[in-house]
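The values are calculated or read from the model by the stated rules, or taken from the named source; none is laboratory data. These numbers come from a predicted model, not from an experiment. Using ideal geometry, Cβ is built from the backbone for each residue, glycine included, and neighbour counts are taken over all protein chains shown.
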Amino acid sequence: MNARTEWTASDIGDLTGKVVIVTGANSGLGFETSRALLTAGAHVVMTMRTAEKAAAAKSALLNDLGEVSLETMLLDLADLESIQHFSEEFHGKHSQLDLLVNNAGIMMTDAQLTIDGFESQLGTNHLGHFALTGRLLDLITATPGARVVSLSSLAHGWGFMEFGNLMFQNGSYTPRAAYGRSKLANLLFTYELQRRFESAGIDATSVAAHPGTAGTGLADHMFNRWYLRPLKALVFLGIQTPKQGARPSLRAATDPSATGGEYFGPSGRKEYRGAPVRVESSPASHSEVDAAKLWTESERLTGVNYESLRTPTQ
Ligand SMILES: NC(=O)c1ccc[n+]([C@@H]2O[C@H](COP(=O)([O-])OP(=O)(O)OC[C@H]3O[C@@H](n4cnc5c(N)ncnc54)[C@H](OP(=O)(O)O)[C@@H]3O)[C@@H](O)[C@H]2O)c1
């Protein structure tokens, strides 16, 4: 790619020999991200919640792509035990991890709790990926040039941290605020992880991406209300395809010029659509105070401690 042309998936270099995990890979952006990484030669471990979804995604990609290095594993990010099992299975099979794409997510769901009692959007989108990354940290730090990509959203701008009420207790829950908080947490985590890699002198980078808007299954639970069904077709007309929406993740994951702490999103108006470029996130996402508090709280809640990335004050 040169400065005058747009970045496209054809700019992804040869990834032969790289081991990649993509969470939430059976649909939407995760599926398309996996497809492009497989096409570039990576060994991609696609995580799903059920064996049926794994079989369907695998056969669809093998039909389309022919011989690729694809593996599926079960992972439920709303269940700390499942995360631990996944990590044990992955460690049993692999001794390197070049790229972790923390992609899975839920959006604006009704109030509910994860198995471990966390508000489900924060629990799945942030705490689940925090625990997963921590459980894989030994492989990440042992793999030269490893990269962690975390998916955020334009909705991070709605988010605010309130450490005394992280889980929106006592009737304070709204689907929108909880989604915004979870996506803000994804960015606070991305930037704090990068700072900790740097201060520990580890050759790994942490970057973030957001897709703008893309027609995936993320809002299906809202469109499934009968009176909103006709709206779905209309909305999908105006937004990007999953393949287009996956481009910022793919650039964040593979562009050799990407440096730790960068954030990629679409180039177009309001970052809704367009070619993937470096974008800015909100001032709140850069709060080092909130990032440190969230880190400590995430370690306490998940019981996953990032021993090798401890700061002097911890
Ligand atoms: N689409 C957009 O416009 C948009 C905009 C901004 C940000 N994003 C972000 O992009 C990411 C991908 O979303 P998408 O648009 O591709 O939506 P999607 O098609 O609904 O995909 C979400 C994926 O996450 C998985 N997932 C949900 N809960 C999980 C859990 N507890 N454990 C493990 N996996 C779980 C889903 O699995 P199941 O099939 O089992 O549910 C699915 O594979 C999300 O982080 C989202 O916040 C999307």
Unmet requirement for residue 100, which otherwise passes all of (1) away from the ligand (no atom under 14 Å from the Cβ); (2) within 22 Å of residue 188 (Cβ to Cβ); (3) out of contact with any helix residue (DSSP H, G or I) (no Cβ under 6 Å at 6 or more places or on another chain): (1)
Candidate set from region 250-267 (those that are buried (at least 23 other Cβ atoms within 10 Å of the Cβ) and touching a Lys or Arg at 6+ places or on another chain (Cβ under 6 Å)); member that is nearest to residue 203 (Cα to Cα): 264
Residues within region 86-104 that are without any contact (Cβ under 8 Å) to a residue 60 or more places away in the chain, loosely packed, with under 15 Cβ neighbours inside 10 Å and not basic (Lys, Arg), tallied: 5
Restricting region 186-226 to residues that are closer than 21 Å to residue 97 by Cα and aliphatic (A, V, I, L, M), the residue that is nearest to the ligand (Cβ to nearest atom): 209
So residue 87, is it more than 16 Å from the ligand (Cβ to nearest atom) and either hydroxyl-bearing (Ser, Thr, Tyr) or within 19 Å of the chain's Cα centre (by Cα) (or both): no
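Does any residue of region 182-193 turn out to be farther than 26 Å from residue 147 by Cβ and not polar (S, T, N, Q)? Full working, then the answer.
Taking region 182-193 first, the residues farther than 26 Å from residue 147 by Cβ are none.
No, every residue in region 182-193 fails to be farther than 26 Å from residue 147 by Cβ and not polar (S, T, N, Q).
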Subset of region 28-53 (residues that are hydroxyl-bearing (Ser, Thr, Tyr) and either under 23 Å from residue 78 (Cβ atoms) or near the ligand (Cβ under 10 Å from one of its atoms) (or both)): 33, 34, 47, 50
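For residue 35, indicate whether it is closer than 25 Å to residue 133 by Cβ, buried (at least 24 other Cβ atoms within 10 Å of the Cβ) and of a type in the set (D, E, K, R).
Working: closer than 25 Å to residue 133 by Cβ: yes; buried (at least 24 other Cβ atoms within 10 Å of the Cβ): yes; of a type in the set (D, E, K, R): yes.
So residue 35 fits the description; yes.
Mind counting the residues in region 120-138 that are within 11 Å of the ligand (Cβ to nearest atom) and out of contact with any strand residue (DSSP E or B) (no Cβ under 8 Å at 6 or more places or on another chain)?
Narrowing region 120-138 to residues within 11 Å of the ligand (Cβ to nearest atom): 120-121, 123-129, 132.
Now restrict to residues that are out of contact with any strand residue (DSSP E or B) (no Cβ under 8 Å at 6 or more places or on another chain): 121, 124-128.
Number satisfying all stated conditions: 6.
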Residues of region 168-185 that turn out to be away from the ligand (no atom under 16 Å from the Cβ) and either in contact with a Cys (Cβ under 9 Å, 6 or more places away or on another chain) or not small (Gly, Ala, Ser) (or both), as a count: 5
Residue match in region 6-20 (condition: of a type outside the set (Phe, Trp, Tyr), surrounded by 24 or more Cβ atoms within 10 Å (Cβ to Cβ), modelled with pLDDT of 95 or more and within 16 Å of the ligand (Cβ to nearest atom)): yes
Filter result for residue 60 (among the small types (Gly, Ala, Ser), buried (at least 23 other Cβ atoms within 10 Å of the Cβ), more than 9 Å from the ligand (Cβ to nearest atom) and modelled with pLDDT of 95 or more): no
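Out of 95, 69, which single residue is in contact with a helix residue (DSSP H, G or I) (Cβ under 9 Å, 6 or more places away or on another chain), over 22 Å from residue 31 (Cα atoms), hydroxyl-bearing (Ser, Thr, Tyr) and away from the ligand (no atom under 14 Å from the Cβ)? First the steps, then the outcome.
Values: 69 fails: over 22 Å from residue 31 (Cα atoms).
None of the others qualify; the one that does is 95.
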Tally of residues being more than 28 Å from residue 247 (Cβ to Cβ) and either in a helix (DSSP H, G or I) or in contact with a strand residue (DSSP E or B) (Cβ under 7 Å, 6 or more places away or on another chain) (or both) across region 84-119: 10
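Can you pull out the residues in region 139-167 that are in a strand (DSSP E or B) and either within 16 Å of the ligand (Cβ to nearest atom) or over 20 Å from residue 285 (Cβ atoms) (or both)?
Here is the first cut: in region 139-167, the residues in a strand (DSSP E or B) are 146-151.
The answer is 146, 148, 149, 150, 151.
Give region 71-83 a look and list any residue that's in a helix (DSSP H, G or I) and surrounded by fewer than 17 Cβ atoms within 10 Å (Cβ to Cβ), or say none. Walk me through how you get there before you give the answer.
Taking region 71-83 as the starting set, the residues that turn out to be in a helix (DSSP H, G or I) are 80-83.
81 - this is the single residue of region 71-83 that is in a helix (DSSP H, G or I) and surrounded by fewer than 17 Cβ atoms within 10 Å (Cβ to Cβ).
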